[in-house]
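Please read the structure below before turning to the comments.
The values are calculated or read from the model by the stated rules, or taken from the named source; none is laboratory data. Owing to the predicted nature of the structure, the values given are computational and were not obtained by experimental measurement. Cβ placement follows ideal geometry from the backbone for every residue including glycine, while neighbour counts extend to all protein chains displayed. Note: accessible area is taken over every heavy atom of the protein model, side chains too, but ligands, DNA and RNA are not part of it. Shrake-Rupley method; radii C 1.70, N 1.55, O 1.52, S 1.80 Å.
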Amino acid sequence: MKKSIVVFEVEGGSDKHFDGHRKDTMPIVNSINDAGWQAEVVYYRPEWTEGLFEYVSENFDGYISRVNPGNIPGGERGYFDLLTRLSEAGLVGMSTPEEMMAYGAKDALVKLSQTDLVPSDTEAYYDVETFHKVFPTSLSFGERVLKQNRGSTGSGIWRVQLVDKELAASIEPGTALPLDTEIKCTEAVDNHTEVRKLGEFMDFCDQYIIGDNGMLVDMRFMPRIVEGEIRILLVGPHPVFVVHKKPAEGGDNFSATLFSGAKYTYDKPEQWQELIDLFADARPVIAEKLGGDNIPLIWTADFMLGDVVDGKDTYVLGEINCSCVGFTSELDMGIQQLVASEAIKRIEEFAQLTV
Ligand SMILES: Nc1ncnc2c1ncn2[C@@H]1O[C@H](COP(=O)(O)OP(=O)(O)O)[C@@H](O)[C@H]1O
Ligand SMILES: [Mg+2]
């Protein structure tokens, strides 16, 4: 073992500090060094791929990827290929492209829809024909949220409801709504609302399905989102803190993103013990359904409140993020040390397996 870990970043972007790195990157590097290992940051550029492969495969036992798939020069494919080659060369990936896609893609929800974590009527559309065929019927069951796969700022996340409340109350569930039905569409990026015709809106949404990793997830609207979204941040298996994100009040507002005006409160995991326990119990099922043996190194799971059953809140999973989860505003919590020890532990365990 070389006892050394490389951290991948890309150059530039609004997530960078004046030292050129993400604000939480050097704290991770320093914590790895403090633990008696070595860590170094390298930048990915497509034209450096061969040099990077040689350097990294010769000098490191594992990599930590701190790159947002939406911001990779030359697209994610070249970067992901490099990471895959590094795994094949014996490095421990934190995380591998497969793990990032399995956990981070929006259709993870669909893969979990047969568990208690996600409503069973959650669907994903991978081609525009199926979307146009199924969605008019899906909407007859009640308000829906359509989610695009790319981005993470609420852009392309649409709450869809019928304008005509009487129609909404009288429609027989399971009947396709006519394409000229007026719908109210609210986008999570800024909670703005547009009145549109169903058919025209579906045409507009085709852009989310077309292209690499395109898809639309169709999920029932959870009305208790107004009470807030509850985010658990985890380092490997350890829940570190909980953020309670309450959407701005009023109108059709439903977005828990900062930009849309949601208010964030940081809580200790113990303040949400029931949810934490539920999630810990569900983790083996999640690993089984999402197909990765390795849970991400730094990741988040976002929940919404569901129905009250037997006097108790239930929780519904809204999304998992694992590609580039930051903790820049929580550097005083010691998360970087936890990240360092978890990363080192994974490499040591891997080394034992391969002796
Ligand atoms: N099923 C739903 N019911 C109610 N609100 C939802 C639902 N799904 C998402 N939202 C709201 O939309 C926001 C953005 O959706 P999310 O799935 O987190 O996408 P993004 O990747 O853009 O963060 C969430 O933070 C939440 O406020
Ligand atoms: Mg989100």
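Numbers at a glance
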| quantity | calculated |
| --- | --- |
| Segment 244-263, residues that are surrounded by fewer than 14 Cβ atoms within 10 Å (Cβ to Cβ) and not acidic (Asp, Glu) | GLY250, GLY251, LEU258, PHE259, LYS263 |
| Within segment 18-43, considering residues that are touching a residue at least 40 places away in the same chain (Cβ under 8 Å), open to solvent by 40 Å² or more (accessible area, probe 1.4 Å) and in a loop (DSSP other than H, G, I, E, B), the one farthest from LYS345 (Cα to Cα) | LYS23 |
| Matching residues in segment 135-194 - criterion: being among the acidic types (Asp, Glu) and touching a Cys at 6+ places or on another chain (Cβ under 8 Å) | GLU194 |
| Residue check, ASP206 away from ligand 2 (no atom under 16 Å from the Cβ) and assigned by TED's automatic domain parsing to the domain that holds PHE141 | yes |
| Given (1) surrounded by 21 or more Cβ atoms within 10 Å (Cβ to Cβ); (2) more than 16 Å from ligand 2 (Cβ to nearest atom); (3) not aliphatic (A, V, I, L, M), index of the condition ASP121 fails | (1) |
| Out of GLU182, GLU166, GLU200, sole residue that is open to solvent by 40 Å² or more (accessible area, probe 1.4 Å), within 18 Å of THR130 (Cα to Cα) and among the charged types (D, E, K, R) | GLU200 |
| Where HIS244 falls short, out of the listed (1) outside the structural domain of ARG150 (by TED's automatic domain parsing); (2) within 30 Å of GLU76 (Cβ to Cβ); (3) of a type outside the set (A, V, I, L, M) | (2) |
| Condition met for THR193 (away from ligand 2 (no atom under 16 Å from the Cβ) and either open to solvent by less than 10 Å² (accessible area, probe 1.4 Å) or within 23 Å of LYS263 (Cα to Cα) (or both)) | yes |
| Search result, residues across segment 276-306 that are assigned to a strand (DSSP E or B) and not hydrophobic (A, V, I, L, M, F, W, C) | THR300, ASP302, GLY306 |
| Considering residues of segment 320-342 that are at pLDDT 95 or above and open to solvent by 30 Å² or more (accessible area, probe 1.4 Å) only, the residue nearest to the chain's Cα centre (by Cα) | LEU338 |
| Cβ-Cβ under 7 Å pairs, at least 6 apart or on other chains, segment 172-187 side more than 19 Å from TRP158 (Cβ to Cβ), far side open to solvent by 50 Å² or more (accessible area, probe 1.4 Å) | PRO173/PHE141 |
| Filtered residue count, segment 198-251, keeping only those that are part of a helix (DSSP H, G or I), away from ligand 1 (no atom under 15 Å from the Cβ) and not small (Gly, Ala, Ser) | 9 |
| Test set (1) surrounded by fewer than 18 Cβ atoms within 10 Å (Cβ to Cβ); (2) in contact with a His (Cβ under 9 Å, 6 or more places away or on another chain) - GLU9 fails condition number | (1) |
